[in-house]
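Heads up: the structure comes next, in structure tokens.
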Amino acid sequence: MGSIGNSDVSSFKLPKIKFTKLFINGEFVDAVSGNTFETIDPRTGEVITRVAEGGKEDIDLAVKAARDAFDKGAWPRMSGFERGRIMMKYADLIDENIEELAALDAIDAGKLFSWGKALDIPQCSQLLRYYAGAADKIHGETLKMSRDLQAYTLREPIGVVGHIIPWNFPSMMFFMKVSPSLAAGCTMIVKPAEQTPLSALFYAHLAKQAGIPDGVINVVTGFGPKAGAALSSHMDVDKISFTGSTDVGRLVMQAAAQSNLKVVSLELGGKSPVIIFDDADVDMAADLALLGIVYNKGEICVAGSRVYVQEGIYDKFVQKVAEKAKAWVVGDPFDPLSQQGPQVDKNQFEKILSYIEHGKREGATLLTGGKACGEKGYYIEPTIFTDAKEDMLIVKDEIFGPVMSLMKFNRNCDEQFKHGKHSVEINPCRCHLGQLLLRIR
Ligand code: TXE
């Protein structure tokens, strides 16, 4: 059952930690307070290293650097083509360091090393290249107002942008936010999640190597209530882009409203449904439904956590998905046999286990999994509940872990859902890919 893989991973060379300080105005510096915090390896629960703990004073310094770089620096003033050329160089440097970057996310976030190498890190350079190509294609419009009057719009960079990122995709989230801002000519402060600061600091180093001018990208590691709150309430930040929990999203929006009414983008949680009809290929449906909940250990806002199966294939589907979940290999992210690594930290691990207990107490039937595995670290078995009901917490709340709730529906599902208090909510998760961080004048 979701066994811990057995291959020897002790021979894998763990990455050397090179960067642990804040990156402000092109330099790695200590926090003004001199404080540091531990970043933990979820494979073992042990400390990897200590990282500078940025606070309000450090955010002030980083915002000043970004403001100067925006008001007086070369980045917003150079041609889009030139910005794109430097971004291409940045992307090449990421490709040259794939192994080290994937290894950093494996020890800091528990992400599978093989998937990091094949997916997460290559997607970072892909994002940079995509937006590099957009940097010289930023056009306004010409509007014919009347026979004698013509108007036009110009797209300009919005200014200094604050990016607050979560821990589930430390690398991809960094570039989903940073790449469009760079293309637009903005300058920025990135606040990585406290659980996963290591790869962000490496990306700061690569930005400098690529030739991105000082002050354009600043990285302030630290905690949300201090560094994150200081960024979202800062009077000299023009836009804040946040990905994380719905509760903190609300705080960020409040802070923006109560300070300088900065523009806000929020990408929050989700509770995504998977719907499987009678005519589906049961084997394939079981594969995909399982992948939908165990991908990235379920720590993804589009995890398929509620699975609705039509009654004609329900029993067959339950049997198949249970077989597959039992064969799923949970283990060290460096083990090539592992299909699922540890949850990101102790908090998340305990939160998921407490939801599982809730599910049992609420009367759902545990089909597979349901407990932690391994002697150390934050590993959890792929867990499937049947007999789940719409009003159970496991069906309503975002668990953000490998926990699937299975529900049967029949041909009259319209009626069933209408009268059964069906609570499909609009997924508040939004994609940032289309966001170029420009304003129209
Ligand atoms: O998120 P937080 P957490 C959901 C998921 C998960 C839950 C909690 O359900 O179980 O959120 O995760 C910073 N002002 N998602 O507690 O706290 C924080 O430092 C400004 C979904 O880790 O929202 C980090 O950088 N910033 C999501 C970032 O916000 C603050 C991915 C996210 O942390 C702050 C992650 C404050 N007051 C979690 N407090 C997705 N959509 O993918 C914290 N932060």
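Restricted to the stretch 281-302, and to residues there that are part of a loop (DSSP other than H, G, I, E, B) and in contact with a strand residue (DSSP E or B) (Cβ under 8 Å, 6 or more places away or on another chain), the residue that is farthest from the ligand (Cβ to nearest atom) is VAL302.
For every residue, the table says whether it meets (1) within 20 Å of the chain's Cα centre (by Cα); (2) within 20 Å of LEU119 (Cα to Cα).
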{"residue": "HIS163", "(1), (2)": "yes, no"}
{"residue": "SER181", "(1), (2)": "yes, no"}
{"residue": "TYR203", "(1), (2)": "yes, yes"}
{"residue": "GLN209", "(1), (2)": "no, no"}
{"residue": "PRO213", "(1), (2)": "no, no"}
{"residue": "ILE217", "(1), (2)": "yes, no"}
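When ARG155 is tested against (1) open to solvent by less than 40 Å² (accessible area, probe 1.4 Å); (2) away from the ligand (no atom under 14 Å from the Cβ); (3) farther than 15 Å from PHE23 by Cβ; (4) over 17 Å from the mean Cα position of the chain (by Cα), exactly one condition is not met: (1). Note on the stretch 336-432: enclosed strands (runs of 3 or more DSSP E) holding 1 or more residues that are within 21 Å of the chain's Cα centre (by Cα), at pLDDT 95 or above and surrounded by 15 or more Cβ atoms within 10 Å (Cβ to Cβ) are 403-409.
On the given criteria, is ARG129 closer than 23 Å to LYS262 by Cα, of a type in the set (Lys, Arg) and away from the ligand (no atom under 16 Å from the Cβ)? Walk me through it before giving the result.
Numbers: closer than 23 Å to LYS262 by Cα: no; of a type in the set (Lys, Arg): yes; away from the ligand (no atom under 16 Å from the Cβ): yes.
It is false that ARG129 is closer than 23 Å to LYS262 by Cα, of a type in the set (Lys, Arg) and away from the ligand (no atom under 16 Å from the Cβ).
The residues of the stretch 247-277 that are of a type in the set (Ser, Thr, Tyr) and over 29 Å from MET407 (Cβ atoms), listed by number, are SER259, SER265.
For first residues located in the stretch 96-116 and under 23 Å from ARG50 (Cβ atoms), partners that are of a type in the set (Ser, Thr, Tyr) and assigned to a helix (DSSP H, G or I) and lie 6+ apart or on another chain with Cβ distances below 6 Å form the pairs LEU101/SER199; LEU104/SER199; ASP105/SER171; ASP105/SER199.
Quick check on the stretch 144-152. Is at least one of its residues touching a Gly at 6+ places or on another chain (Cβ under 9 Å), open to solvent by 20 Å² or more (accessible area, probe 1.4 Å) and closer than 24 Å to ARG77 by Cα? Checked the stretch 144-152: at least one residue is touching a Gly at 6+ places or on another chain (Cβ under 9 Å), open to solvent by 20 Å² or more (accessible area, probe 1.4 Å) and closer than 24 Å to ARG77 by Cα. Picking from residues in the stretch 247-259 that are more than 9 Å from the ligand (Cβ to nearest atom) and open to solvent by less than 50 Å² (accessible area, probe 1.4 Å), the one that is nearest to MET172 (Cα to Cα) is ALA256.
Restricting to the stretch 231-246, give me the number of residues that are more than 22 Å from THR221 (Cβ to Cβ) and either within 12 Å of the ligand (Cβ to nearest atom) or at pLDDT below 95 (or both).
1
Somewhere in the stretch 260-272, is a residue at pLDDT below 95, away from the ligand (no atom under 11 Å from the Cβ), under 30 Å from THR386 (Cα atoms) and part of a strand (DSSP E or B)? Within the stretch 260-272, one or more residues are at pLDDT below 95, away from the ligand (no atom under 11 Å from the Cβ), under 30 Å from THR386 (Cα atoms) and part of a strand (DSSP E or B). Is one or more of the residues making up the stretch 311-330 open to solvent by 60 Å² or more (accessible area, probe 1.4 Å), within 16 Å of the ligand (Cβ to nearest atom), farther than 20 Å from PHE169 by Cβ and not aliphatic (A, V, I, L, M)? No, because not a single residue in the stretch 311-330 is open to solvent by 60 Å² or more (accessible area, probe 1.4 Å), within 16 Å of the ligand (Cβ to nearest atom), farther than 20 Å from PHE169 by Cβ and not aliphatic (A, V, I, L, M). Inspection of the stretch 51-58 identifies no residue that is of a type outside the set (Asp, Glu), modelled with pLDDT of 95 or more and loosely packed, with under 15 Cβ neighbours inside 10 Å.
Here's the yes/no breakdown for (1) touching a residue at least 12 places away in the same chain (Cβ under 8 Å); (2) polar (S, T, N, Q); (3) touching a Gly at 6+ places or on another chain (Cβ under 7 Å):
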| site | (1), (2), (3) |
| --- | --- |
| PRO170 | yes, no, no |
| ALA184 | yes, no, no |
| GLN195 | yes, yes, no |
| SER199 | yes, yes, no |
| ALA210 | yes, no, no |
| GLY222 | yes, no, yes |
| SER232 | yes, yes, yes |
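Inspection of the stretch 331-342 finds no residue satisfying the criterion of being free of Cβ contacts under 8 Å to residues at least 40 places away in the same chain and out of contact with any strand residue (DSSP E or B) (no Cβ under 9 Å at 6 or more places or on another chain). Among the residues of the stretch 219-232, the ones that are buried (at least 22 other Cβ atoms within 10 Å of the Cβ) and more than 19 Å from the chain's Cα centre (by Cα) come to 1 in all.
The values are calculated or read from the model by the stated rules, or taken from the named source; none is laboratory data. Since the structure is predicted, the reported quantities are computational estimates derived from the model, not experimental observations. FYI the Cβ positions are ideal-geometry reconstructions off the backbone, even for glycines, and counts take in every protein chain you see. Remember, those area values only see protein heavy atoms, side chains included, never the ligands or the DNA or RNA. Shrake-Rupley method; radii C 1.70, N 1.55, O 1.52, S 1.80 Å.
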